[in-house]
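What follows is a short report on a single structure.
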Amino acid sequence: MQDFLSISVGKIFFSYIVVFLYLFTAVNCSVLKLKLPHLNRTVRSSGFHRILQYNLSLQEVKGPTQILITQLMPKDIYLDPYQLLKRIEDNEIKIISERQINVEIPAYQAQPFSVQLCSISSTNFHKIELPFHLRYQKPHDCNINGESVLINLENLTIHFRTIKNYTPNLKCLSNNEIDNSWIKQMVEMSTIFKVPVGCMEHLYIVLSLTIGVTISAAIYLCSELLKVKLLNSL
């Protein structure tokens, strides 16, 4: 009897192991079917107002998909919430910051922040454009450091999943909770671009021109006011 119970317990234990291995294999195989996403990140335009563009393709995935991109923005960059208001209300963009973004402070007084970008597509391809602005850089010696500084956008995190009940009007949720239906992928990449900076050796030239223009404008304004006063006195 004791041997029979031992054999029964052994069979039950073996059955549990088989079921566990089956479920583990099934889950991992479903994940492996989704290859790593192909991502291209570029910075368009020039000057202090630019566009960050993401082109992302989920390989070997068919049908509607949704992605979440979490990007750490360096302190040299800021987003204008009023410019992005409609997309923020639609939960396409979520600015993750402990404090309100101050668009007026220079880069050396600002702090990095994170932004989450959501996209829903009827296919496996996603294109996201994010307008951003560059902060004022502290002037330096251009003879030593050059007339520009390098800004580096570094690694990002992607969450993606397929969508079963897709409709053309489907929008991102406000909470965008990450559950087991999402697949997470850390992407190591670097996108570097240049930003013009003021030169210390141009300080006196710029100062002289500023004072000259201010004085000229003041003289012109006074002369026009004097003309008006003389005409009124006649």
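Descriptive notes on the structure:
- Two-site FRET efficiency, L85 against S190, from Cβ-Cβ distance with R₀ of 41 Å, rounded to 0.05: 0.85
- Ranked by how many other beta carbons lie within 10 Å on average, peptides 143-152, 157-166, 213-222 from highest: 157-166, 143-152, 213-222
- Inter-site label distance for Y108 and T167 at 7 Å from Cα along Cβ, in nm: 5.4 nm
- Given K164/K194; K75/K184; K75/K127; K171/K194; K86/K184; K62/K86, the pairs whose alpha carbons are separated by over 31 Å: K164/K194; K171/K194
- Solution diffusion estimate, µm²/s, Stokes-Einstein, the stretch 109-234, Kirkwood Rh from C-alpha pairs, 20 °C, viscosity 1.002 mPa s: 101 µm²/s
- Sum of side-chain charges, P106 neighbourhood, beta-carbon under 9 Å (Lys, Arg +1; Asp, Glu -1): +1
Rule-based calculations on the coordinates, nothing more; no lab input. Keep in mind that what you see is a predicted model, and the values were worked out from it rather than measured. Counting neighbours? That spans all protein chains shown, and the Cβs are built from the backbone with ideal geometry, glycine included.
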